[in-house]
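Visitor: I'd like to ask you about the structure that follows.
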Amino acid sequence: MESAIGFFVRKVLLVFNSLNNSKVVCGTLCIYGVYKVVYQLFLDPLRHIPGPWFSRISGYPIRIAILSGNLTDYLHSLHRKYGPIVRVGPNRISDSNTKDFKKVMSSYKYKKSTNYDSYANGNPTDVTGELAFGTSFHAIENDGYVIIDWVNAAMKSTIIIEAFPILKLIQHVLPGIKSKEEKLRAFCLDSIKMRQDSIENNIFDARRVDILQMYLTSINTYNQKPLSYDELMTEMVTMLIAGVDTTSITLSWLLTFYMLYPCVYNKTIEEIRTNFPDTDTVIKYKDAREKLPYTIATVYETLRMKGSVGSDLLRESPEDGVELSGLFIPYGVDIGMFVAGAHVDPEVWDNPHSFFPERFMGDNGESLKKEIVAFSSGIRVCPGKKYVNV
Ligand code: HEM
């Protein structure tokens, strides 16, 4: 005897046979659309996560916020309304809780989300040039440097492809953007080859250890071989993209805060002048740490208020899921750890929206410094953090 499902399928096929092709296509799309909406609204495993209703069926609002440069404000507004965990797409949540941040970032169980695949890797100023390549790019003397333009182009293409992953398929023919990214990669390859030449010809000062040198002497733990050209280039482009804008944005905000708060500026200048009256003395890192606690506090407060990584750091929930802020997140969900949100987490910060460097002074201040996650935390913490502190 024919089963009920078989009978149903036969009837549906009969109806489809009686329609022309365009009607079949439209009908199939409509049925799929209705199924998707019903599933996302009533059956999907993230339906208990608070958030705007449209996040259940579309990731486009957050993509538009990314493209328009409003991601930080957009996420802040959602967290204000819905709390520390917010659903921002069919398979994506944002989390602004500091404890969750440390939990997720401290374990290899949470892989970087596939969204990172769109990152071409790379961005710098003169300092990053010195740190990474052992040479200044002379951007300051030259009123900018072509690399900055290449890095910005690489960042733009990354953001556009993250928002519209389908474009990855045609990125090689996207005008302008791709060619600048290729110039950036070619620049890195040239720098690597020049360094290898100068090592071979004994004209490289081996006492100088910069990031490129560390990579050249590293062994890939997966295959026990030195890094290939492709690996070296990817690492160096990443270094440029990750190091340039982040550092310059932080310094720009620090100067802006000094201008906005003359009392903070005067206190900083007084601390520096009192401890280092001779303006020709080069202030060493160790001395600055000991004698300039207020100046250092202004840097921490700037990182808290205006950390240069405005986006959320995406990780994938592990196979057995995870509980965050009392909500269960099942396997395979993109968890966006929202740095700017963690920096105003009311469980940690008093008057989080006020610029108040004094909060980082004294013993309590020292423990609050550990709550700053501008460089992320845990196992994939920013490798530039130590250099930036210097
Ligand atoms: C104020 C300056 C900086 C800030 C706020 C900053 C922030 C961050 C953050 C939040 C991450 C984690 C990204 C993620 O997990 O998705 C990161 C990663 C990274 N940063 Fe920085 N960074 C700064 C400067 C630098 C500098 C100067 C360099 C290099 C010279 C650098 C190199 C990197 C690299 C290579 C990664 C990727 C690490 C990995 O995936 O394991 N950063 N940075």
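The values are calculated or read from the model by the stated rules, or taken from the named source; none is laboratory data. Every value quoted in this text rests on a predicted model; they were computed, and no experiment measured them. Virtual Cβ from ideal backbone geometry, glycine too; neighbours counted across all protein chains shown.
Visitor: Listed residues Glu141, Glu182, Glu200, Glu162; which is modelled with pLDDT of 80 or more and of a type in the set (Asp, Glu)?
Guide: Just one listed residue meets the conditions, Glu200.
Visitor: If you don't mind, there's one more thing I want to ask. What are the pairs, 6+ residues apart or on separate chains, where a residue within the stretch 303-329 that is on the phi > 0 side of the Ramachandran plot has its Cβ under 8 Å from a residue that is aliphatic (A, V, I, L, M) and surrounded by 21 or more Cβ atoms within 10 Å (Cβ to Cβ)?
Guide: Gly321/Ile329; Ser325/Ile85
Visitor: If I go through the stretch 103-112 residue by residue, how many of them are buried (at least 17 other Cβ atoms within 10 Å of the Cβ) and out of contact with any Gly (no Cβ under 6 Å at 6 or more places or on another chain)?
Guide: 3
Visitor: Same structure, new question: Checking the structure you have, find out if any residue of the stretch 305-313 is within 15 Å of the ligand (Cβ to nearest atom), surrounded by 17 or more Cβ atoms within 10 Å (Cβ to Cβ) and part of a helix (DSSP H, G or I).
Guide: There is at least one residue in the stretch 305-313 that is within 15 Å of the ligand (Cβ to nearest atom), surrounded by 17 or more Cβ atoms within 10 Å (Cβ to Cβ) and part of a helix (DSSP H, G or I).
Visitor: Continuing with the same structure: Out of Phe338, Phe328, Phe375, which single residue is touching a Cys at 6+ places or on another chain (Cβ under 9 Å) and either within 16 Å of Val104 (Cβ to Cβ) or within 16 Å of the ligand (Cβ to nearest atom) (or both)?
Guide: Answer to the selection: Phe375.
Visitor: Considering only residues of the stretch 233-247 that are within 17 Å of Lys183 (Cβ to Cβ) and of a type in the set (A, V, I, L, M), which is farthest from the ligand (Cβ to nearest atom)?
Guide: Met233
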